Amino acid sequence: MRNTTQPNTVTGTTATGGLPISLNQFARALDRTPCTIWRWRKLGWIREEDILNLASKPYISAAGVELFLRHRASGNLGVAQLHQFEVNVC
């Protein structure tokens, strides 16, 4: 059963406690689909060295979350670019 008392947001290492989180959980926190996260990985917006494979499931490191959020907040990803790839085709 899902814990509904915690907010569904990602704010970097403080939210994850320095621990990696699953890419599906990361996608839900950003209100995106796993397909969008996959596209961002292919575009290099999420670095492959920040992706961990634990028990055959992809996780993103806390440092990777923090880096992505920092780039998104500074506008390095570009809003037009960010929304260009959010078509849910999966």
**Asked** Based on the Cβ-Cβ distance from Ser22 to Ala63, what FRET efficiency comes out when R0 is 25 Å, to the nearest 0.05?
**Response** 0.95
**Prompt:** Could you give the nm distance between label points at Ser74 and Ser56, where each point is 7 Å from its Cα heading toward the beta carbon?
**Reply:** 3.9 nm
**Prompt:** Around Asn24, what is the net charge, scoring Lys/Arg as +1 and Asp/Glu as -1 over all other residues with Cβ under 12 Å from its Cβ?
**Reply:** +3
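Only the coordinates and a few stated rules stand behind these numbers; no lab work does. What you see is a predicted model; the values in this text were computed from it and never measured. When we count neighbours, we look across all protein chains shown, and the Cβ atoms used for this are built from the backbone with ideal geometry, even at glycine.
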